[in-house]
1. Of the conditions (1) modelled with pLDDT under 90; (2) within 18 Å of residue 360 (Cβ to Cβ); (3) among the aromatic types (Phe, Trp, Tyr), residue 180 satisfies every one except a single condition; which number is it?
2. State all residues of the range 120-144 that are assigned to a strand (DSSP E or B) and either at pLDDT 90 or above or buried (at least 19 other Cβ atoms within 10 Å of the Cβ) (or both); if no residue qualifies, say none.
3. Take residue 189 and tell me if it is of a type in the set (S, T, N, Q), in contact with a helix residue (DSSP H, G or I) (Cβ under 9 Å, 6 or more places away or on another chain), surrounded by 14 or more Cβ atoms within 10 Å (Cβ to Cβ) and in a strand (DSSP E or B).
4. Take the conditions over 16 Å from the mean Cα position of the chain (by Cα), surrounded by 16 or more Cβ atoms within 10 Å (Cβ to Cβ) and not hydrophobic (A, V, I, L, M, F, W, C) and apply them to residue 253. Does it pass?
5. Restricting attention to the range 73-105, and to residues there that are part of a strand (DSSP E or B) and among the aliphatic types (A, V, I, L, M), which single residue is surrounded by the most Cβ atoms within 10 Å (Cβ to Cβ)?
6. Looking only at the range 288-305, count every residue that is hydrophobic (A, V, I, L, M, F, W, C), surrounded by 16 or more Cβ atoms within 10 Å (Cβ to Cβ) and either part of a helix (DSSP H, G or I) or modelled with pLDDT of 95 or more (or both) and tell me the total.
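The values are calculated or read from the model by the stated rules, or taken from the named source; none is laboratory data. All values reported here derive from a predicted model rather than from experimental measurement. Heads up, the Cβs are rebuilt from the backbone with ideal geometry, glycines too, and the neighbour counts pull from every protein chain shown.
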Amino acid sequence: MNEDEPKHPRTHRWFKPPEGMPKRSEADDAVPVIRASVPSGTRAEAGQLQEDIRAALEGWPIVVLRVVGRVAGPSLKVGKQPARWLRKDLVGIVDAVLCTCRGERCVEDRCTANRLLGRHGKTGRADGEAWAPFVIRAADTASGSIDRGGRISYELVLAGAATREVGRLIEAFSQENQPYEYHPVRWQTIQALTIGADGDLRWKKVEPDAATSPLISIGELGEPKLRPKRLMMTFRTATPVARQGERGTPSDDLALVLDRMTRSLGAWMGRTGHRGPRLPVDDILRAATGSTVSADHRRTLQVPDALLASPGAREFRPVERQESDGTTALTGSITWTGDFAGLAPLLRAVSYLGMGPGRQHGLGQVSFR
(Lines give C-alpha, C1' and ligand atoms only; values in the text may rest on other atoms or scores of the structure.)
Protein backbone atom coordinates (compact mmCIF):
# COMPACT_ATOMS: atom_id res chain seq x y z
CA MET A 1 0.00 0.00 0.00
CA ASN A 2 1.23 3.44 -0.88
CA GLU A 3 1.95 5.42 2.29
CA ASP A 4 0.06 8.38 0.82
CA GLU A 5 -3.20 6.36 0.56
CA PRO A 6 -5.68 6.69 3.47
CA LYS A 7 -5.57 3.63 5.72
CA HIS A 8 -9.32 2.95 5.73
CA PRO A 9 -10.69 -0.59 5.95
CA ARG A 10 -11.44 -1.92 2.49
CA THR A 11 -14.77 -3.34 3.71
CA HIS A 12 -16.25 0.14 4.13
CA ARG A 13 -17.35 2.69 1.55
CA TRP A 14 -16.25 6.08 2.63
CA PHE A 15 -18.20 9.15 1.62
CA LYS A 16 -17.02 12.71 1.87
CA PRO A 17 -19.99 15.12 1.91
CA PRO A 18 -19.84 18.07 -0.49
CA GLU A 19 -18.90 21.43 0.89
CA GLY A 20 -21.82 23.14 2.57
CA MET A 21 -23.93 19.99 3.19
CA PRO A 22 -25.40 20.13 6.73
CA LYS A 23 -24.30 17.37 9.08
CA ARG A 24 -26.86 14.82 10.30
CA SER A 25 -27.87 14.98 13.91
CA GLU A 26 -29.17 12.25 16.22
CA ALA A 27 -32.66 13.73 15.85
CA ASP A 28 -32.57 12.96 12.11
CA ASP A 29 -32.11 9.25 12.87
CA ALA A 30 -34.72 9.09 15.63
CA VAL A 31 -37.80 6.96 14.88
CA PRO A 32 -41.02 8.97 15.33
CA VAL A 33 -43.38 7.82 18.08
CA ILE A 34 -47.09 7.37 17.34
CA ARG A 35 -49.15 9.04 20.05
CA ALA A 36 -52.68 10.25 20.69
CA SER A 37 -53.41 13.59 22.34
CA VAL A 38 -55.62 13.68 25.44
CA PRO A 39 -58.03 16.64 25.53
CA SER A 40 -57.81 18.96 28.49
CA GLY A 41 -60.53 18.91 31.10
CA THR A 42 -61.64 17.09 34.22
CA ARG A 43 -61.71 13.31 34.24
CA ALA A 44 -65.29 11.97 34.37
CA GLU A 45 -66.50 9.84 37.24
CA ALA A 46 -66.22 6.12 36.48
CA GLY A 47 -69.94 5.50 36.98
CA GLN A 48 -70.96 8.32 34.64
CA LEU A 49 -68.44 7.22 32.01
CA GLN A 50 -69.83 3.68 32.10
CA GLU A 51 -73.39 4.89 31.64
CA ASP A 52 -72.44 7.19 28.74
CA ILE A 53 -70.62 4.38 26.91
CA ARG A 54 -73.48 1.95 27.54
CA ALA A 55 -75.98 4.47 26.19
CA ALA A 56 -73.93 4.87 23.00
CA LEU A 57 -73.71 1.11 22.40
CA GLU A 58 -77.16 0.10 23.70
CA GLY A 59 -79.44 -1.41 21.08
CA TRP A 60 -76.68 -1.81 18.47
CA PRO A 61 -77.76 -5.11 16.89
CA ILE A 62 -75.25 -7.69 15.72
CA VAL A 63 -75.29 -11.41 14.92
CA VAL A 64 -72.51 -13.59 16.33
CA LEU A 65 -72.15 -16.95 14.57
CA ARG A 66 -69.90 -19.91 15.27
CA VAL A 67 -69.25 -21.91 12.11
CA VAL A 68 -68.02 -25.50 12.49
CA GLY A 69 -67.00 -27.87 9.70
CA ARG A 70 -64.77 -30.74 8.67
CA VAL A 71 -62.29 -31.06 5.81
CA ALA A 72 -64.07 -32.94 3.02
CA GLY A 73 -61.23 -33.39 0.55
CA PRO A 74 -57.52 -34.14 0.94
CA SER A 75 -55.62 -32.52 3.77
CA LEU A 76 -56.12 -28.77 3.92
CA LYS A 77 -53.24 -26.34 4.41
CA VAL A 78 -54.15 -23.23 6.37
CA GLY A 79 -51.48 -20.57 6.89
CA LYS A 80 -50.38 -18.94 10.11
CA GLN A 81 -53.14 -16.38 9.59
CA PRO A 82 -56.19 -18.61 9.07
CA ALA A 83 -58.60 -15.68 8.75
CA ARG A 84 -57.23 -14.88 5.30
CA TRP A 85 -58.05 -18.39 4.07
CA LEU A 86 -61.43 -18.28 5.80
CA ARG A 87 -62.34 -14.98 4.17
CA LYS A 88 -61.44 -16.37 0.75
CA ASP A 89 -63.58 -19.45 1.42
CA LEU A 90 -66.48 -17.30 2.68
CA VAL A 91 -66.35 -14.96 -0.32
CA GLY A 92 -66.13 -17.92 -2.72
CA ILE A 93 -69.18 -19.64 -1.24
CA VAL A 94 -71.34 -16.52 -0.99
CA ASP A 95 -70.50 -15.27 -4.49
CA ALA A 96 -70.97 -18.69 -6.10
CA VAL A 97 -74.44 -19.11 -4.61
CA LEU A 98 -75.84 -15.64 -3.90
CA CYS A 99 -74.13 -13.02 -6.07
CA THR A 100 -76.19 -11.68 -8.99
CA CYS A 101 -73.74 -8.96 -10.09
CA ARG A 102 -72.14 -9.06 -13.51
CA GLY A 103 -68.41 -8.69 -13.91
CA GLU A 104 -65.55 -9.35 -11.53
CA ARG A 105 -66.82 -7.24 -8.64
CA CYS A 106 -69.90 -7.41 -6.43
CA VAL A 107 -71.21 -3.84 -6.19
CA GLU A 108 -75.01 -3.82 -6.68
CA ASP A 109 -77.00 -2.69 -3.64
CA ARG A 110 -79.78 -5.20 -4.32
CA CYS A 111 -77.34 -8.13 -4.40
CA THR A 112 -77.51 -10.41 -1.35
CA ALA A 113 -73.76 -11.05 -1.48
CA ASN A 114 -73.14 -7.29 -1.38
CA ARG A 115 -75.41 -6.86 1.65
CA LEU A 116 -73.59 -9.68 3.43
CA LEU A 117 -69.98 -8.81 2.59
CA GLY A 118 -70.03 -5.23 1.32
CA ARG A 119 -68.66 -4.28 -2.09
CA HIS A 120 -65.83 -6.60 -2.97
CA GLY A 121 -63.97 -8.40 -5.72
CA LYS A 122 -65.10 -11.94 -6.51
CA THR A 123 -61.54 -13.23 -6.61
CA GLY A 124 -61.34 -13.78 -2.85
CA ARG A 125 -58.24 -11.60 -2.65
CA ALA A 126 -58.01 -8.57 -0.37
CA ASP A 127 -60.45 -6.47 -2.39
CA GLY A 128 -63.27 -5.07 -0.31
CA GLU A 129 -64.39 -2.04 1.65
CA ALA A 130 -62.24 -1.19 4.66
CA TRP A 131 -65.33 -1.18 6.89
CA ALA A 132 -67.10 -4.29 5.56
CA PRO A 133 -70.21 -5.35 7.56
CA PHE A 134 -68.59 -8.51 8.95
CA VAL A 135 -65.77 -9.50 11.29
CA ILE A 136 -63.86 -12.80 11.22
CA ARG A 137 -62.67 -13.98 14.64
CA ALA A 138 -60.12 -16.71 14.01
CA ALA A 139 -57.48 -16.37 16.74
CA ASP A 140 -58.46 -19.85 18.00
CA THR A 141 -58.79 -21.45 14.55
CA ALA A 142 -56.42 -24.31 13.77
CA SER A 143 -53.64 -23.59 11.28
CA GLY A 144 -51.10 -25.69 9.43
CA SER A 145 -52.08 -28.97 7.77
CA ILE A 146 -55.52 -30.34 8.68
CA ASP A 147 -56.16 -33.95 7.60
CA ARG A 148 -59.32 -35.21 5.89
CA GLY A 149 -62.13 -35.22 8.44
CA GLY A 150 -60.28 -32.73 10.65
CA ARG A 151 -62.35 -30.13 12.48
CA ILE A 152 -62.11 -26.41 11.75
CA SER A 153 -64.16 -23.58 13.23
CA TYR A 154 -64.30 -19.80 13.53
CA GLU A 155 -66.63 -17.01 14.57
CA LEU A 156 -68.35 -14.53 12.29
CA VAL A 157 -69.86 -11.25 13.51
CA LEU A 158 -72.36 -9.47 11.23
CA ALA A 159 -73.74 -5.95 11.56
CA GLY A 160 -76.01 -3.60 9.62
CA ALA A 161 -77.74 -4.94 6.52
CA ALA A 162 -75.77 -8.18 6.79
CA THR A 163 -77.76 -9.23 9.88
CA ARG A 164 -80.91 -9.54 7.77
CA GLU A 165 -79.29 -12.05 5.42
CA VAL A 166 -78.29 -14.71 7.96
CA GLY A 167 -80.78 -17.23 6.59
CA ARG A 168 -79.42 -16.86 3.06
CA LEU A 169 -75.88 -17.20 4.37
CA ILE A 170 -76.69 -20.49 6.09
CA GLU A 171 -78.37 -21.73 2.90
CA ALA A 172 -75.16 -20.96 1.00
CA PHE A 173 -73.09 -22.89 3.55
CA SER A 174 -75.52 -25.81 3.28
CA GLN A 175 -75.16 -26.26 -0.49
CA GLU A 176 -73.91 -29.78 -1.24
CA ASN A 177 -73.09 -29.41 -4.94
CA GLN A 178 -70.31 -26.85 -4.77
CA PRO A 179 -66.90 -27.49 -6.36
CA TYR A 180 -64.06 -28.06 -3.92
CA GLU A 181 -62.26 -24.88 -4.94
CA TYR A 182 -65.14 -22.98 -3.36
CA HIS A 183 -66.03 -25.46 -0.64
CA PRO A 184 -63.10 -27.63 0.54
CA VAL A 185 -64.69 -27.71 3.99
CA ARG A 186 -68.21 -28.98 4.68
CA TRP A 187 -69.59 -26.51 7.17
CA GLN A 188 -71.91 -28.79 9.08
CA THR A 189 -73.03 -26.67 12.03
CA ILE A 190 -73.79 -22.98 12.43
CA GLN A 191 -74.60 -21.73 15.91
CA ALA A 192 -75.69 -18.27 16.99
CA LEU A 193 -74.95 -16.55 20.28
CA THR A 194 -78.30 -16.01 22.01
CA ILE A 195 -79.72 -14.86 25.35
CA GLY A 196 -81.54 -17.57 27.29
CA ALA A 197 -84.63 -17.08 29.44
CA ASP A 198 -82.33 -16.92 32.46
CA GLY A 199 -80.36 -14.08 30.87
CA ASP A 200 -77.26 -16.19 30.25
CA LEU A 201 -75.44 -16.28 26.92
CA ARG A 202 -75.43 -19.60 25.09
CA TRP A 203 -74.85 -21.02 21.61
CA LYS A 204 -77.89 -22.31 19.72
CA LYS A 205 -77.93 -24.08 16.37
CA VAL A 206 -79.43 -22.03 13.52
CA GLU A 207 -81.35 -23.82 10.78
CA PRO A 208 -81.31 -22.63 7.13
CA ASP A 209 -85.06 -21.97 7.24
CA ALA A 210 -84.87 -19.79 10.36
CA ALA A 211 -87.76 -17.33 10.27
CA THR A 212 -86.01 -14.61 12.22
CA SER A 213 -82.42 -13.40 12.42
CA PRO A 214 -80.70 -14.26 15.75
CA LEU A 215 -80.01 -10.64 16.68
CA ILE A 216 -78.29 -9.75 19.91
CA SER A 217 -77.55 -6.29 21.25
CA ILE A 218 -74.05 -5.20 22.25
CA GLY A 219 -75.63 -4.13 25.53
CA GLU A 220 -76.65 -7.74 26.26
CA LEU A 221 -73.12 -9.11 26.02
CA GLY A 222 -71.20 -9.70 29.21
CA GLU A 223 -68.62 -7.09 30.18
CA PRO A 224 -65.09 -8.35 30.90
CA LYS A 225 -64.20 -8.83 34.55
CA LEU A 226 -61.40 -6.35 35.15
CA ARG A 227 -59.07 -6.28 38.11
CA PRO A 228 -59.52 -3.14 40.26
CA LYS A 229 -56.26 -1.39 39.43
CA ARG A 230 -54.67 -3.44 36.66
CA LEU A 231 -55.56 -3.92 32.98
CA MET A 232 -53.86 -6.47 30.74
CA MET A 233 -54.55 -6.11 27.02
CA THR A 234 -53.55 -8.91 24.64
CA PHE A 235 -53.44 -8.34 20.88
CA ARG A 236 -54.34 -11.87 19.79
CA THR A 237 -54.01 -11.05 16.10
CA ALA A 238 -52.14 -8.21 14.40
CA THR A 239 -53.89 -4.99 15.42
CA PRO A 240 -53.25 -1.85 13.31
CA VAL A 241 -52.67 1.28 15.41
CA ALA A 242 -51.16 3.67 12.86
CA ARG A 243 -53.49 5.94 10.91
CA GLN A 244 -53.24 6.38 7.15
CA GLY A 245 -49.83 7.76 6.27
CA GLU A 246 -48.63 7.58 9.89
CA ARG A 247 -45.24 6.00 10.43
CA GLY A 248 -43.28 5.26 13.57
CA THR A 249 -43.24 3.20 16.76
CA PRO A 250 -46.48 3.04 18.80
CA SER A 251 -46.15 4.57 22.25
CA ASP A 252 -47.10 2.55 25.32
CA ASP A 253 -49.69 5.15 26.37
CA LEU A 254 -53.14 3.76 27.11
CA ALA A 255 -54.55 6.84 25.35
CA LEU A 256 -53.25 5.57 22.00
CA VAL A 257 -55.22 2.30 21.98
CA LEU A 258 -58.30 4.00 23.45
CA ASP A 259 -58.17 6.55 20.64
CA ARG A 260 -57.95 3.80 18.02
CA MET A 261 -60.80 1.88 19.67
CA THR A 262 -63.16 4.83 19.61
CA ARG A 263 -62.25 5.75 16.03
CA SER A 264 -62.86 2.24 14.70
CA LEU A 265 -66.07 1.67 16.69
CA GLY A 266 -67.41 5.08 15.67
CA ALA A 267 -66.72 4.36 12.00
CA TRP A 268 -68.42 0.96 12.20
CA MET A 269 -71.44 2.37 14.05
CA GLY A 270 -71.89 4.93 11.29
CA ARG A 271 -71.44 2.43 8.47
CA THR A 272 -73.91 -0.05 9.97
CA GLY A 273 -76.61 2.54 10.61
CA HIS A 274 -76.57 2.60 14.43
CA ARG A 275 -78.53 5.63 15.64
CA GLY A 276 -77.43 5.77 19.27
CA PRO A 277 -75.67 8.75 20.87
CA ARG A 278 -72.02 9.32 20.10
CA LEU A 279 -69.32 7.67 22.15
CA PRO A 280 -67.94 10.05 24.83
CA VAL A 281 -64.54 10.10 23.15
CA ASP A 282 -63.01 12.94 25.17
CA ASP A 283 -63.95 11.35 28.50
CA ILE A 284 -62.68 7.97 27.33
CA LEU A 285 -59.30 9.47 26.47
CA ARG A 286 -59.15 11.34 29.78
CA ALA A 287 -59.70 7.99 31.53
CA ALA A 288 -56.16 7.07 30.45
CA THR A 289 -54.74 9.87 32.61
CA GLY A 290 -52.62 8.52 35.44
CA SER A 291 -52.19 5.00 34.02
CA THR A 292 -48.65 3.64 33.95
CA VAL A 293 -47.10 0.64 32.23
CA SER A 294 -46.16 -2.25 34.50
CA ALA A 295 -45.29 -4.84 31.80
CA ASP A 296 -44.78 -4.39 28.06
CA HIS A 297 -44.51 -7.50 25.89
CA ARG A 298 -45.75 -5.97 22.64
CA ARG A 299 -44.17 -6.58 19.27
CA THR A 300 -44.57 -4.36 16.22
CA LEU A 301 -45.02 -5.55 12.65
CA GLN A 302 -46.16 -4.16 9.32
CA VAL A 303 -49.55 -5.18 7.93
CA PRO A 304 -49.97 -4.92 4.13
CA ASP A 305 -52.08 -1.87 3.28
CA ALA A 306 -54.24 -3.98 0.96
CA LEU A 307 -55.71 -5.73 4.02
CA LEU A 308 -56.86 -2.45 5.55
CA ALA A 309 -58.29 -0.05 3.01
CA SER A 310 -59.09 -1.62 -0.34
CA PRO A 311 -61.38 0.74 -2.30
CA GLY A 312 -64.60 -1.24 -2.60
CA ALA A 313 -66.06 1.50 -4.79
CA ARG A 314 -69.01 0.97 -7.10
CA GLU A 315 -66.84 1.90 -10.09
CA PHE A 316 -63.48 0.47 -9.23
CA ARG A 317 -60.59 2.32 -10.85
CA PRO A 318 -57.19 1.03 -9.79
CA VAL A 319 -54.71 3.79 -9.06
CA GLU A 320 -51.01 3.73 -8.54
CA ARG A 321 -50.14 3.76 -4.88
CA GLN A 322 -46.98 4.94 -3.30
CA GLU A 323 -44.70 2.13 -2.25
CA SER A 324 -45.14 1.34 1.42
CA ASP A 325 -43.81 -1.23 3.84
CA GLY A 326 -47.31 -1.46 5.31
CA THR A 327 -49.12 -0.10 8.34
CA THR A 328 -47.73 -0.46 11.86
CA ALA A 329 -49.59 -3.01 13.98
CA LEU A 330 -49.16 -4.66 17.37
CA THR A 331 -49.17 -8.22 18.71
CA GLY A 332 -48.38 -9.50 22.18
CA SER A 333 -49.58 -7.95 25.43
CA ILE A 334 -49.21 -4.91 27.64
CA THR A 335 -50.31 -4.27 31.22
CA TRP A 336 -51.17 -0.93 32.81
CA THR A 337 -51.87 0.04 36.40
CA GLY A 338 -54.45 2.73 37.13
CA ASP A 339 -58.22 3.19 37.38
CA PHE A 340 -60.14 1.48 34.56
CA ALA A 341 -63.57 1.02 36.15
CA GLY A 342 -65.38 3.19 33.62
CA LEU A 343 -64.03 1.45 30.52
CA ALA A 344 -65.66 -2.00 30.86
CA PRO A 345 -68.53 -1.36 28.35
CA LEU A 346 -66.06 -0.13 25.72
CA LEU A 347 -63.75 -3.11 26.20
CA ARG A 348 -66.74 -5.46 25.95
CA ALA A 349 -67.59 -4.14 22.49
CA VAL A 350 -63.97 -4.29 21.34
CA SER A 351 -63.55 -7.86 22.59
CA TYR A 352 -66.34 -8.97 20.21
CA LEU A 353 -65.89 -6.54 17.31
CA GLY A 354 -62.13 -5.97 17.38
CA MET A 355 -60.43 -2.65 16.72
CA GLY A 356 -59.05 -0.92 13.66
CA PRO A 357 -59.63 -1.69 9.97
CA GLY A 358 -58.92 -5.12 8.51
CA ARG A 359 -61.27 -7.02 10.81
CA GLN A 360 -62.75 -8.84 7.83
CA HIS A 361 -59.29 -10.40 7.49
CA GLY A 362 -59.13 -11.41 11.15
CA LEU A 363 -57.06 -8.44 12.28
CA GLY A 364 -57.64 -6.48 15.49
CA GLN A 365 -58.80 -9.30 17.78
CA VAL A 366 -58.11 -8.18 21.35
CA SER A 367 -58.80 -9.64 24.81
CA PHE A 368 -58.72 -8.05 28.28
CA ARG A 369 -58.34 -9.10 31.87
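1. Here residue 180 meets the rest and fails (2).
2. First, the residues of the range 120-144 that are assigned to a strand (DSSP E or B): 120-121, 128, 134-137, 144.
Hits for the range 120-144 are 120, 121, 128, 134, 135, 136, 137.
3. When the stated conditions are applied, residue 189 does not pass them.
4. yes
5. In the first step, residues of the range 73-105 are kept if they are part of a strand (DSSP E or B); the result is 76-78, 105.
Add one more test, that the residue is among the aliphatic types (A, V, I, L, M), and what stays is 76, 78.
On the way: 76: 20, 78: 22.
Among those that are part of a strand (DSSP E or B) and among the aliphatic types (A, V, I, L, M), it is 78.
6. As a first pass, look at the range 288-305 and keep what is hydrophobic (A, V, I, L, M, F, W, C): 288, 293, 295, 301, 303.
Checking the rest, the ones that are also surrounded by 16 or more Cβ atoms within 10 Å (Cβ to Cβ) come to 288, 303.
Pick out the ones that are also either part of a helix (DSSP H, G or I) or modelled with pLDDT of 95 or more (or both) and you get none.
Qualifying residue count for the region: 0.
Yes or no, residue by residue, for (1) assigned by TED's automatic domain parsing to the domain that holds residue 335; (2) closer than 21 Å to residue 135 by Cβ:
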{"residue": "206", "(1), (2)": "no, yes"}
{"residue": "214", "(1), (2)": "no, yes"}
{"residue": "231", "(1), (2)": "yes, no"}
{"residue": "242", "(1), (2)": "yes, yes"}
{"residue": "251", "(1), (2)": "yes, no"}
{"residue": "254", "(1), (2)": "yes, no"}
{"residue": "268", "(1), (2)": "yes, yes"}
{"residue": "272", "(1), (2)": "yes, yes"}
